[in-house]
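Read through the structure below, which is laid out as structure tokens, and then see the notes.
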Amino acid sequence: MRPVKIALFSVIALGLIFSFAYAAGDAEKGKALFNDPKFAGGVKACNSCHPNGKGLDKAADKKEFHIMGKTQKSLEEAVNACIVNANKGKAIDVKSDQMKEIVAYIKSLKAKKPAGGY
């Protein structure tokens, strides 16, 4: 009976891990969107203003953003503000896969250390 419980627990744990990873978004796909000038119908890539994610390394920890004189209460709102104002695109659904992916990429920038290990 014990091996069955262990196997069942392992299957459930793996399922939860994979579902969380999927729900969190794919940072590699987000990076591709970040570098795509046509993302969300825009005219330039996010990378144009934030080369290699410059200036976004603390975005994952912020609760409030101030972009072009307006306040955004989430990273998703901030992404849409940039899409609409800087990129001249159309806001995307905050629950869409594209939003999850680009947010996952932005959050991944937090883990990066500057060259030289500082």
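Any read-out appearing in this document is the output of simple, stated calculations on the displayed coordinates, not a laboratory observation. Model, not experiment: these values are computed from the prediction. Here the Cβ positions follow ideal geometry from the backbone for every residue, glycine too, while neighbour counts run over all protein chains shown.
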Exposure proxy check on 43, 79, 94, 103: fewest-to-most Cβ neighbours within 10 Å is 43, 94, 103, 79
Shape of the range 50-90 from its Cα gyration tensor (a ≥ b ≥ c, root eigenvalues): rounded if a/c is under 1.5, otherwise prolate when a/b > b/c, or oblate? oblate
If you filter the range 33-108 for GluC sites (Glu not before Pro), then keep DSSP loop positions with at most 16 other Cβ within 10 Å, what is left? 64
Please give me the summed charge of the neighbours of residue 105: other residues whose Cβ is under 9 Å from its Cβ, Lys and Arg +1, Asp and Glu -1. 0
Spelling it out for residue 72: with amide H atoms placed in the peptide plane at 1.01 Å from N, the residues 5 or more places away or on another chain with amide H under 5 Å from its amide H are 65, 66, 67
Need the full-extension length gain, residue 71 to residue 49, defined as separation in residues times 0.36 nm minus the C-alpha distance. One decimal, nm. 6.0 nm
